[in-house]
Amino acid sequence: MHLAAHFPGVNNTTVWADPRSRSQIEFSSFEHLARTAERGKFDFFFLAEGLRLREHNGRVHDLDVVGRPESLTVLNALAAVTEKLGLAATVNATFNEPYELARRLATLDHLSAGRAAWNVVTSSDAFTGENFRRGGYLDRADRYTRAAEFVATARELWDSWTPDGSSRPFTHEGPQFTISGEFTVPRSPQGHPVVIQAGDSDEGREFAASAADIIFTRHGTLEAGRIFYADVKARLAAYGRQPDSLKIMPGVTVVTGDTDAEAQENAAEIRRQQVSPQNAILTAEQIWGTDLSAYDPDGPLPDIDPVPDSEITQGRVRHGDPFAIVARWRALAEAKGLSLRQTVIETTTRQSFIGSPATVAAELTAFVDERAADGFILVPHLTPGGLDDFVDRVVPLLQESGAFRSEYTGSTLRSHLGLPEPVWKG
């Protein structure tokens with residue numbers, strides 16, 4: 001089993017009101033979570049990215065994180081206070097250039113002695129693109145075209161230095177990039193930093209099968225995980241790859257207690273904290289696409305139809321058909337007698353694994369044993385101590401059963417993941 005830690009704060013998972021919640025920008029927060037992950041022998045530490053402050057109804061979203069530092073800068077600092085833990089940065093392939101980013105990633109790989117990873121994301125969001133010189137966005141159909149050439153170009157740059165330390169000029173000519181010159185950073189300890197791809201769409205799965213070492217995904221049930229796992233692994237052969245060359249790691253949340261019943265009580269309380277009355281209204285507004293401030297979050301669902309193609313929320317993707325979502329919510333609320341807030345709690349924030357440490361360890365192991373995942377990226381609800389309980393209580397059980405390592409056996413992220421160093425293609 002592979003395990004990674006996601007620094008919380010981008011989505012509704014985070015509980016801001018908890019008195020244990022700390023800064024999203026002070027280095028001590030990043031350091032605490034990273035040191036905890038390394039104490040638990042995790043494969044890597046994972047940072048998300050936000051390129052613009054998301055807005056709701058014309059204002060910065062009250063419940064969203066602001067002031068998030070740039071990921072690679074944070075990870076370069078964490079390289080100095082960790083020894084084995086992989087360090088993964090989310091960096092957008094739409095708003096960056098191959099030479100600059102390949103250089104920054106190779107630098108992190110050198111500074112960390114071979115622990116760097118790049119989570120490749122794309123964007124078709126014109127709102128975010130306003131921050132960038134190009135006018136900054138691509139049609140949705142072009143996002144992965146650019147990303148695939150971006151990754152291939154970065155790998156050409158990393159391969160422009162020979163394994164014995166000689167530099168060679170590079171030239172790349174393609175639809176997205178035409179560049180030539182000499183790369184300034186020698187071949188890094190891993191050869192290439194590990195490449196992660198985040199996405200569940202068909203085009204995202206195909207991109208991961210062709211170019212990624214890890215796919216960061218999400219699926220709520222064992223059966224859904226098995227279907228996704230089989231689909232993505234089956235795509236690898238078309239690219240001459242073996243099943244173990246791509247690790248499937250869904251993002252998950254975990255709540256524990258001394259007993260399964262106590263864990264369920266803890267999970268219910270966390271869900272109530274995550275979906276405050278204010279958050280319930282804001283979440284519903286994202287679905288209905290209109291101002292719902294006149295509605296009572298503890299009352300019935302709005303009796304109006306959603307507004308299609310609404311732009312009430314900027315910088316956040318709307319998922320699915322709002323009419324279908326509203327219909328499902330109304331059916332659920334009627335069947336269970338739920339208020340608007342209770343409906344949001346029921347439909348949006350349920351944790352992935354809930355139970356005693358033994359129950360959680362057994363369920364995580366079953367997902368891996370039954371080929372629904374190769375491991376997990378844990379997304380805690382607290383900054384920075386949200387991983388402590390899992391590392392103290394669940395990890396030892398995974399280690400005792402042989403499902404997870406007791407010690408690191410190598411020093412690079414590729415060694416943790418069981419991935420070979422890329423063959424040099426200079």
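The values are calculated or read from the model by the stated rules, or taken from the named source; none is laboratory data. For clarity, every value in this text was computed on a predicted model and none was experimentally measured. When we count neighbours, we look across all protein chains shown, and the Cβ atoms used for this are built from the backbone with ideal geometry, even at glycine. Calculation scope for accessible area: heavy atoms of the full protein, side chains included, ligands and nucleic acids excluded. Shrake-Rupley method; radii C 1.70, N 1.55, O 1.52, S 1.80 Å.
Condition first: within 20 Å of Phe30 (Cβ to Cβ) and assigned to a helix (DSSP H, G or I). Can you find one or more residues in segment 367-384 that meet it?
The answer is no, given that none of the residues of segment 367-384 is within 20 Å of Phe30 (Cβ to Cβ) and assigned to a helix (DSSP H, G or I).
Could you look through segment 355-414, keep only residues that are basic (Lys, Arg) and out of contact with any strand residue (DSSP E or B) (no Cβ under 8 Å at 6 or more places or on another chain), and pick out the one that is least open to solvent (accessible area, probe 1.4 Å)? Don't jump to the end; show me each part of the working.
Quick first cut of segment 355-414, residues basic (Lys, Arg) only: 371, 393, 405, 414.
From what is left, the residues that are out of contact with any strand residue (DSSP E or B) (no Cβ under 8 Å at 6 or more places or on another chain) are 371, 405.
Values: Arg371: 154, Arg405: 48 Å².
The qualifying residue least open to solvent (accessible area, probe 1.4 Å) is Arg405.
So, of the residues in segment 256-280 that are among the β-branched types (Val, Ile, Thr) and modelled with pLDDT of 95 or more, which turns out to be least open to solvent (accessible area, probe 1.4 Å)?
Initially, segment 256-280 is screened for residues among the β-branched types (Val, Ile, Thr), giving 256, 259, 270, 275.
Next cut, modelled with pLDDT of 95 or more only: 256, 259.
Details: Thr256: 20, Thr259: 73 Å².
Checking each candidate, the answer is Thr256.
Provide a single number: the residues in segment 111-161 that are of a type in the set (Ser, Thr, Tyr), modelled with pLDDT under 95 and assigned to a helix (DSSP H, G or I).
Qualifying residue count for the region: 3.
I'm trying to understand the selection: among the residues of segment 214-269, which are in contact with a His (Cβ under 9 Å, 6 or more places away or on another chain) and among the β-branched types (Val, Ile, Thr)?
Within segment 214-269, Ile214, Ile227, Thr253, Val255 meet the criteria.
Among the candidates Asp291, Asp296, Asp309, which residue alone is over 25 Å from Thr14 (Cα atoms) and out of contact with any Cys (no Cβ under 7 Å at 6 or more places or on another chain)?
Only one candidate qualifies: Asp309.
Would you point out the residue of segment 229-255, among those that are part of a loop (DSSP other than H, G, I, E, B) and closer than 26 Å to Arg414 by Cβ, that is most open to solvent (accessible area, probe 1.4 Å)?
Filtering segment 229-255 for residues that are part of a loop (DSSP other than H, G, I, E, B) and closer than 26 Å to Arg414 by Cβ, the one most open to solvent (accessible area, probe 1.4 Å) comes out as Gln242.
Using the structure shown, decide if Glu285 is assigned to a helix (DSSP H, G or I), without any contact (Cβ under 8 Å) to a residue 40 or more places away in the chain and not hydrophobic (A, V, I, L, M, F, W, C).
No.
Just need a number here: residues in segment 319-338 that are within 20 Å of Glu265 (Cα to Cα) and open to solvent by less than 40 Å² (accessible area, probe 1.4 Å).
1
Kindly evaluate Arg226 against the criterion of being of a type outside the set (Val, Ile, Thr), in contact with a helix residue (DSSP H, G or I) (Cβ under 6 Å, 6 or more places away or on another chain), assigned to a helix (DSSP H, G or I) and open to solvent by 10 Å² or more (accessible area, probe 1.4 Å).
Working: of a type outside the set (Val, Ile, Thr): yes; in contact with a helix residue (DSSP H, G or I) (Cβ under 6 Å, 6 or more places away or on another chain): no; assigned to a helix (DSSP H, G or I): yes; open to solvent by 10 Å² or more (accessible area, probe 1.4 Å): yes.
So Arg226 fails the test.
How many residues does segment 13-47 hold that are within 19 Å of Ser112 (Cα to Cα) and open to solvent by less than 20 Å² (accessible area, probe 1.4 Å)?
Adding up the residues that qualify gives 12.
Going by the structure shown, is Asp164 free of Cβ contacts under 8 Å to residues at least 40 places away in the same chain, under 18 Å from the mean Cα position of the chain (by Cα), in a loop (DSSP other than H, G, I, E, B) and surrounded by fewer than 21 Cβ atoms within 10 Å (Cβ to Cβ)?
Here the answer is no, as Asp164 does not meet what is asked.
Can you confirm whether Asn92 is within 21 Å of the chain's Cα centre (by Cα) and within 23 Å of Lys41 (Cβ to Cβ)?
For Asn92, the condition - within 21 Å of the chain's Cα centre (by Cα) and within 23 Å of Lys41 (Cβ to Cβ) - is not met.
Residue pairs, Cβ under 7 Å, 6 or more apart or interchain, first in segment 362-382 and at pLDDT 95 or above and of a type in the set (Ser, Thr, Tyr), second open to solvent by 30 Å² or more (accessible area, probe 1.4 Å) and not in a loop (DSSP other than H, G, I, E, B). List them.
Thr365/Ser401
Would you confirm, using the coordinates I've provided, whether Ala80 is in a loop (DSSP other than H, G, I, E, B) and either without any contact (Cβ under 8 Å) to a residue 60 or more places away in the chain or open to solvent by less than 10 Å² (accessible area, probe 1.4 Å) (or both)?
Working: in a loop (DSSP other than H, G, I, E, B): yes; either without any contact (Cβ under 8 Å) to a residue 60 or more places away in the chain or open to solvent by less than 10 Å² (accessible area, probe 1.4 Å) (or both): yes.
The answer is yes for Ala80.
Suppose we filter Thr217, Thr259, Thr221, Thr253 for residues that are without any contact (Cβ under 8 Å) to a residue 12 or more places away in the chain, within 30 Å of Leu382 (Cβ to Cβ) and among the hydroxyl-bearing types (Ser, Thr, Tyr); which single one remains?
Of the residues listed, the single one that is without any contact (Cβ under 8 Å) to a residue 12 or more places away in the chain, within 30 Å of Leu382 (Cβ to Cβ) and among the hydroxyl-bearing types (Ser, Thr, Tyr) is Thr221.
Six or more apart or on different chains, Cβ atoms under 6 Å: show the pairs whose first residue is in segment 170-183 and within 14 Å of Ser160 (Cβ to Cβ) and assigned to a loop (DSSP other than H, G, I, E, B) and whose second is open to solvent by 20 Å² or more (accessible area, probe 1.4 Å) and hydroxyl-bearing (Ser, Thr, Tyr).
Within 6 Å, the pairs are Glu182/Ser167.
Can you report the number of residues in segment 1-31 which are modelled with pLDDT under 95 and of a type in the set (Asp, Glu)?
Looking only at that region, the number is 2.
Please determine whether any residue of segment 65-76 is over 23 Å from Glu156 (Cβ atoms), among the charged types (D, E, K, R) and out of contact with any Phe, Trp or Tyr (no Cβ under 9 Å at 6 or more places or on another chain).
yes
Restricting attention to segment 93-118, and to residues there that are among the polar types (S, T, N, Q) and crowded, with 21+ Cβ neighbours inside 10 Å, which single residue is farthest from Phe216 (Cα to Cα)?
Ser112
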